[in-house]
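The values are calculated or read from the model by the stated rules, or taken from the named source; none is laboratory data. Values in this document were obtained by computation on a predicted structure and should not be read as measured data. Note: ideal-geometry Cβ built from the backbone for every residue, glycine included; neighbour counts use all protein chains shown. What goes into the accessible areas is simple: the full protein's heavy atoms, side chains included, and nothing from ligands, DNA or RNA. Shrake-Rupley method; radii C 1.70, N 1.55, O 1.52, S 1.80 Å.
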Amino acid sequence: MITLSGITKTFGYNAVLRGVDLHVDKGQSLVVIGGSGTGKSVLIKCIIGLITPDAGQIIIDGQDVTRSGHDKLLHRFGMLFQASALFDSLPVWENVCFRMLRSGQSRGDLRDLAAEKLRRVGLGPDVADKFPAELSGGMQKRVGLARAIAADPEIIFFDEPTAGLDPILAGVINDLIREITTEMGATAITITHDMSSVHAIADQVAMIHDGVVQWHGNIGALDQTDDAHVLQFITGSATGPIPTLR
Amino acid sequence: MSTGHITIDLDAIIANWRALDKMTSVETAAVVKADGYGLGAATVAKALAKAGARRFFVAVAEEGGAVRNAVGPGPEVSVFAGHMRGDTDTIGDLGLTPILNSLEQVTRHFDALPGHPFGIQLDTGMNRLGMEWDEWAAVAEIALAQRPTVVMSHLACADEPDHPMNAYQLDVFHKMTDGITVPRSLAATGGILLGKDYHFDLCRPGIGLYGGLPFTKARPVVQMDLPVVQIRHLDAGEVVGYANSWQATRPSRDRDPISGLRRRLDPVDVRQGHAILRQRTRATYWPRVDGLTDRGCDRPQRRPACVDPAWGSTNSGSTGRRVRHNWLRNPDVTWWALYTPDTRRMKRLLAMIGAATLGGFTTVGRIALFTASTFRHLATQPFYGREFGQALFQIGFLSLPVVGLTALFTGGALALQIYSGGARFSAEAVVPQIVAIGMVRELGPVLVGLMIAARVTSSIAAEIATMKVTEQIDALVTLSTHPMKYLTVPRVLAATLVMPALVGVGDIIGILGGYIVGTERLGFNAASYLQNTVDFLEQRDVISSLVKGAVFGFIAALMGCYYGMAAGRGASGVGAATKGAVVAAAVLILVANLILTEAFFSI
C-alpha cells in the first residue's frame, strides 16, 4: 500500500531524515517509534504531502506521489493530529464533517452523519453543537478521531494519539483506534513514543533513530529483539546507544 | 578490572569554593560549564548551592537545564554563550541569564524576551567572546537602562601573575565600565589570586574549584584509577604513541613521567606504581585515553596505577562523599568564538548591512508571491461563501463602533484646530470646507485604515498564527482544503470590499463631528455649515477616499494573513506574527496613502 525508499529531509543544517525505507501492506497497522525529535512527525508529513522530501520516493497504492499528486489522494487519507487540531471557530459536528461540508449534502444529513461518527468514538449527540474549546482534552481527541474517520478513509495517520492523556484515557483511545481501523479495514500509520500504544495498535513496528529505520519487524518480534536501540527505548534507560541530550 | 574510573570528592570542591570565597570580600559564583568540567554539573552545582553559592555559570543554554534542576528556582544560572538563535525557549522556560556577547544577541534578547534578566560580556583583549569598544558604545546606554545582572570580561593570562596582559586588561575593563552602577566581574580563578584590584563585585572561579592550576593550594578533587595492562621498558631514542608523539631521550627509570600523556597532561610523576598526575591543563581538555604507556617502573606491578590529576601527590585521604563517574566518556565541550582576520570589524559591519538588506528583500519577495497566490486562488474554485460572509461581518459590521468613535472625535478636534488656526489670518469661516476636505481626502481613510490595522490585522494574524501553531492549517490540507482559499481569500476579499463602506461611514461621521463642534461650540449656522460642505466637496474627493479605503483594506487583511501563515513556533511565534503584521500593515497603509494622494491630486 505504502512504500518509502531513501527518503531524506534536511532543515538548514539539521538532517532529520537520512534515508528512510519503509513498507506497509494494505490493512496493516504500522507503528513508528523513536525518541522525541527523531523525525517521526516529519516522516508522516512527508507521506501525507505536507512536507516535500529532498530525495527518495514515496509510492502510495502504486502511484509515485513524491513530489506531486497528493491532492488527488487526500480524500483517501485521514489524520489524527497530536493536539487534535480541531477548528476553534466551528462547532464539533462541522469539524467532524468538514470534508463533506461542500459536497452538496444537506446540513441536516451531515449533522446526522456527524452524530453517527461521534457515537462511534463514544460521544453523545449533545456534543455535536458544542465548540472544541468547551471540550476536555480526551473528548477533543475523540472528536479528532471522528473527523479522521468521517469520510471512511483507506489510510489513517495517527500522530502521537495518546499525547497529553492519562493512562486510562490513553488506553481507551488506543483500543478505539485498533477497533475502528480493524473494522474499516484501513491501513494505519501511527507515530508514538508510548509503548502501551505500540502493543495495543501495532501489527508492524519500525524504530526510527538518527534519521534511519534502525529496526523493523512484527510486533511479536519486538520483545525478542536484542537490538540495542530498541531495548533502550523499551526500557526507557538513560544509558545506551541513544544519547539523552537531544 | 579492565576499565578505569574516577572518584570525585565533592567536599573538596566545596572546600575549594570556600577557600576562594574567603580570598575576596565580594560575592563568589561557581562555573560549572562543560558539565562541571567533566565531573557532572548537576552534582557539583547542588553541592555548591548547599554550601552557599547563589550564582552559577554554564557555557551554553543546553547545559542550563541540568543545573537549574539541581539548584532549584532561586539561584541565578548564567550562560556564557549568551542568547543564541534557537535558545529563546530554553532561556525563558528555565529562567537562565544569558551573558550577551554581541549587538546581535542584545537585539535578539530584547526582542524575544523583553524584561528577562541578562548579563553583558565585554572583550578586553582576549578576543574570545564579548563586545568590543564600538559595539559596547552603541548599546551601553540601552543595555544598562535594563539593569543587566553583571557586566563581565575574562582575563587571558591570569595564570601568570607577572604577565603584562593582566594589567592591560584591567585598565581596559576600567575604561569600558567605570561609572556604571551595575555589578562588574573580571576575575575567574586566576583573577582572584591576582588580588583585590581584580575582584570588583563578583568573582567566578571555575578550574580552581576542581583542584586545577593556578590555584596551587586547592584540595585534590579527582582521583583516577587506571589498571596497568603492561609495563614497557624504553631505551633512549625509542618513540611512543600515535604519530610518534613522544621520543624518549634517556632510558626509563623510576620517577619518570608517564610518556604517552606527557604532551597534554604534564608534569607527571610516578611513585611505587601510583601514577600521580599533576594537572596544568583544563579539565575540558582531557584527551580520550585508550591506552597509557608507562615507562616508570622496571618491575611488573600488580596494583592498579592511580592517577591524580589534581594538585597534591597522594591518592588517599579523601574522606568525602564519592561519586563514581565515567570520566573517559565525557565529551569535550568547546565553544570558543571564531577567530577572524583584522578586517573583521569592517566585514562585520558590511555583513550586518548585507544581511538586513537581504532579509528585507526576502520579505518583500515573499509578500509579493503571497499576493500573487492570493489572486490566483481568488480566481479559481472553490470559493468559501460562508467564510466570506463571516469575514464581512467581522471586519465590516463589528468595526463600525470603533470607526465611528475615531471619526467623530477627530472631526470635532479638526474643527477646533482649523477655527483657532484660521483665526490667525481671519479665515475662521472656512471651517466647514476644510473639515470636509481633511476628513474625506485624508483623515477618514487613513484613520479608518489604521484602526482596521489595529483591530482586524491583529486578530487575523493571531488567529491564523494560532491555527498554524496548533497544526490546524495542516489539518485543513489533510481535509482537502487549501488554506489560501479557505482562510486568505475570504478575508482579503471581504476587507477590500467592505472598507470603502467603512471609510464612507467614517467620512460622514467625521464631518458630523466637525458639524457638532462647529454649530454648538463655534457658533456656525447649522444650515449654512451643511450647505458649505456639500457645495465644496467634489466627486473626485469622495472617489479617492473610497479607493484608498479599498486599498487599505486589502493591505490590512493581506498582512494579517501573510504574517499569520509565516508564524514561527509556540506562543512567541504568535506574538511576533501579530506584531509584524500590525506594523507592516500600518506602514504600508501610510506609504500607499502618499502614493494614492499623489496619483489623485498631483497637478
Residues whose modelled amide H sits under 5 Å from the amide H of A:T190, counting only those 5 or more places away in sequence or on another chain, are A:L30, A:V31, A:V32, A:F158
Positive-pole candidate from B:N69, B:A145, B:N166, dipole of the range B:11-210, charges at beta carbon: B:N69
For the range B:35-68 and the range A:1-72, compute the distance between their C-alpha centroids and round to whole Å. 41
For Cα pairs less than 8 Å apart in space and 6+ apart in sequence, what is the mean separation divided by the residue count of the range A:17-138, i.e. the relative contact order in percent? 17
How large is the translational diffusion coefficient of chain A in µm² per second when you combine the Kirkwood radius over alpha carbon pairs with Stokes-Einstein at 25 °C and 0.890 mPa s? 131
Would you kindly derive the ³J(HN,Hα) couplings of the range A:115-124 from the backbone phi angles with the Karplus curve 6.51 cos²θ - 1.76 cosθ + 1.60 (θ = phi - 60°), listing them in order in whole Hz, with x for Gly and Pro? 4, 4, 5, 5, 4, 4, 9, x, 10, x
To the nearest Å, what is the center-to-center distance of the range A:74-105 and the range B:376-447, using C-alpha atoms only? 39
Suppose R0 equals 22 Å. What FRET efficiency, 1/(1 + (r/R0)^6) with r the Cβ-Cβ distance, do A:K72 and A:Q105 give to the nearest 0.05? 0.55
To the nearest 10 Å², what's A:T235's accessible area with a 1.4 Å probe? 100
For the range B:177-193, in order, what is each residue's ³J(HN,Hα) by Karplus, 6.51 cos²θ - 1.76 cosθ + 1.60 with θ = phi - 60°, in whole Hz (x at glycine and Pro)? 10, 4, x, 7, 10, 8, x, 10, 8, 10, 8, 9, 3, x, x, 4, 6
Shielding by partners for B:468-475, please: the mean number of other protein chain Cβ atoms within 10 Å of each residue's Cβ. 6
Rank B:L209, B:P98, B:M84 by how far each Cα sits towards the positive end of the charge dipole of the range B:11-210 (+1 on Lys, Arg Cβ; -1 on Asp, Glu Cβ) and give me just the farthest. B:L209
Name the most mobile residue of A:D226, A:D64, A:D54, meaning the one with the largest mean-square fluctuation, in a Gaussian network model of chain A with Cα contacts below 10 Å. A:D226
Rounded to the nearest 5, what % of DSSP beta bridges with both residues in the range A:2-235 are antiparallel? 55
Taking R0 as 25 Å and r as the Cβ-Cβ distance between A:F11 and B:L369, the FRET efficiency 1/(1 + (r/R0)^6), rounded to the nearest 0.05, comes to 0.75
Can you give the accessible area buried between chains A and B, summed over both chains, with a 1.4 Å probe, in Å² to the nearest 100? 1800
Please go through the residue pairs B:K50/B:K196; B:K33/B:K217; A:K40/A:K72; B:K22/B:K196; A:K9/A:K45 and name each one whose alpha carbons sit more than 19 Å apart in this structure. B:K50/B:K196; B:K33/B:K217; A:K40/A:K72
Residues with amide H under 5 Å from that of B:M131, placed H, sequence gap 5 or more: B:Q121, B:L122, B:D123
Rank B:V542, B:T470, B:G404 by how far each Cα sits towards the positive end of the charge dipole of the range B:385-601 (+1 on Lys, Arg Cβ; -1 on Asp, Glu Cβ) and give me just the farthest. B:T470
Just want to confirm a number: the relative contact order over the range B:11-210, from Cα pairs under 8 angstrom separated by 6+ residues, in percent. 20
Given the protein chains as shown and a 1.4 Å probe, how many square angstrom of A:R99 are accessible, to the nearest 10? 50
Sequence of B:V551, B:V587 when ordered by accessible area, the most exposed leading, probe 1.4 angstrom: B:V587, B:V551
In percent, how large is the relative contact order of the range B:385-601, given Cα pairs closer than 8 Å and 6 or more residues apart? 34
Judged on accessible area alone, 1.4 Å probe, highest first, B:K468, A:K40, B:K50 line up as B:K50, B:K468, A:K40
Taking each residue in A:217-226, count the Cβ atoms of any other chain within 10 Å of its Cβ, then average. What number comes out? 0
What does the charge dipole of the range A:2-235 about its Cα centre add up to, to the nearest 20 debye, if the Cβ of each Lys and Arg holds +1 and the Cβ of each Asp and Glu holds -1? 620
Counting only DSSP loop positions in the range B:504-554, the chymotrypsin sites (Phe, Trp or Tyr not before Pro) whose Cβ has at most 15 other Cβ atoms within 10 Å are none
Efficiency of FRET from Cβ geometry, B:C157 and A:A55, R₀ 56 Å, rounded to 0.05: 0.65
From the protein chains alone at 1.4 Å, what is the descending order of accessible area for A:K26, B:K579, A:K117, largest first? A:K26, B:K579, A:K117
From phi via Karplus (6.51, -1.76, 1.60), per-residue ³J(HN,Hα) for the range A:155-163 in Hz, x at Gly/Pro: 10, 10, 10, 10, 9, 6, x, 9, 4
Report, as an integer, the average count of C-beta atoms from other chains found within 10 Å of each Cβ along B:479-490. 3
Pick out which of A:I58, A:I168, A:I201 has the largest mean-square fluctuation in a Gaussian network model of chain A, springs linking Cα atoms closer than 10 Å. A:I168
